[in-house]
Amino acid sequence: MDHALPEVPPQGTLQRWLTGPRFGGLPNFADMPPPKLSFEFFPPKTEALEAQLWSCIRRLEPLRPCFVSVTYGAGGTTQARTHATVARIVRETSLTPAAHLTCVGASRGEVDDVARAYWDAGVRHIVALRGDPPAGAERYEAHPEGYAYAADLVAGLARIAPFEISVAAYPETHPTALSSDHDLDNLKRKIDAGATRAITQYFFDSDVFLRFLDRCAAAGITLPIVPGIMPVSNFNQMKKFSAMCGAGVPAWMGRLFEGLDEDPETRRMVSVVLAAEQVRLLQANGVDEFHFYTLNRPDLVYAIAHILGARPQPVTPP
């Protein structure tokens, strides 16, 4: 004889409140001072893109970031544009620029010459990277007379001048690393060679970064590990790029952007809320510095920074 289970009436708000877990929520804004910020730009390829870049720089300059970095194309393809952009930032703004420099496609002597040119131009901060292989190359191959890896580049830069040196870190492991432990060992080699901070690849699950901090601490890494934050302006493009660089995209993100392909304004609002919540959660866990990948689009980053308590300050002429 079948015994049907009695139907359980759906719980209302009061029942869920009385019987469910309690969440205190994030700290009040007044209890969390504005975090330290830095921004990443990429050098322009056309006059129109250059105008867009400088509009972005001028928009974000009053937020007084700790520094701004300028990227270097795969295989060193934007070396001249990167140098020109960084030199102009030194000349015409109050910002502290950090120039990306890679090992790819150049001898040690050539890389050293670029580093010396940066120093002579007033640049004191380098983001030292192994670099991506040139377009069409299946895998990275070191230049026969060049720096093989980022740790070698860091050591070379430290011999040239007392640069501040940032390096890359990968909370979800570099896609070409043999293992997560091997990847962490590589980060430690870069730090031991003279790096002063690490900036991470972007991520969307905050627990991934916090677990990575635990692993860094266990490995004896004590220098700043700055989380990289990517505001998502185009979810589909970001998902494709993330598959190539090894950044995980949680399923819940897809649901949040679902149905917004033809609605860029709502996408932007969702993006701002997501990134601000991510940063505030990390702040609540003791993280006080963040590096934003701007994609040369200032409005999302400016809005997020405002939510976090950053306010524009008078710009001091260079």
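Here is a yes/no grid of residues against (1) in contact with a Lys or Arg (Cβ under 6 Å, 6 or more places away or on another chain); (2) under 25 Å from residue 200 (Cα atoms); (3) modelled with pLDDT of 95 or more:
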| site | (1), (2), (3) |
| --- | --- |
| 18 | no, no, no |
| 22 | no, no, no |
| 30 | no, no, no |
| 36 | no, yes, yes |
| 39 | no, yes, yes |
| 42 | no, yes, no |
| 59 | no, yes, yes |
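Name the residue that is nearest to the chain's Cα centre (by Cα), counting only residues in segment 250-268 that are under 19 Å from residue 203 (Cα atoms) and among the hydrophobic types (A, V, I, L, M, F, W, C).
The initial filter retains those residues of segment 250-268 that are under 19 Å from residue 203 (Cα atoms), namely 250-257, 267-268.
Adding the requirement that they be among the hydrophobic types (A, V, I, L, M, F, W, C) leaves 251-253, 256-257.
Details: 251: 21, 252: 21, 253: 18, 256: 22, 257: 21 Å.
By that ranking, first place goes to 253.
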Just one of (1) open to solvent by 20 Å² or more (accessible area, probe 1.4 Å); (2) touching a strand residue (DSSP E or B) at 6+ places or on another chain (Cβ under 7 Å); (3) in contact (Cβ under 8 Å) with a residue 60 or more places away in the chain trips up residue 195, so point out which.
(1)
Filter segment 235-283 for residues that are of a type in the set (Lys, Arg) and closer than 30 Å to residue 31 by Cβ; the one that is least open to solvent (accessible area, probe 1.4 Å) is 280
Would you pick out the residues in segment 286-318 that are at negative phi, assigned to a loop (DSSP other than H, G, I, E, B) and hydrophobic (A, V, I, L, M, F, W, C)?
287, 308, 310, 315
Residue check for residue 306: surrounded by 15 or more Cβ atoms within 10 Å (Cβ to Cβ) and either closer than 19 Å to residue 96 by Cα or touching a Leu at 6+ places or on another chain (Cβ under 6 Å) (or both)
no
Are there any pairs with C-beta distances below 6 angstrom linking a residue in segment 142-155 that is within 10 Å of residue 129 (Cα to Cα) and open to solvent by 50 Å² or more (accessible area, probe 1.4 Å) to a residue that is assigned to a loop (DSSP other than H, G, I, E, B) and not hydrophobic (A, V, I, L, M, F, W, C), with the two at least 6 apart or on different chains, and if so which?
149/130
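The values are calculated or read from the model by the stated rules, or taken from the named source; none is laboratory data. On a predicted model such as this, the values are computed, not experimentally measured, just so you know. When we count neighbours, we look across all protein chains shown, and the Cβ atoms used for this are built from the backbone with ideal geometry, even at glycine. Surface areas here come from the heavy atoms of the whole protein model, side chains and all, with no ligands, DNA or RNA. Shrake-Rupley method; radii C 1.70, N 1.55, O 1.52, S 1.80 Å.
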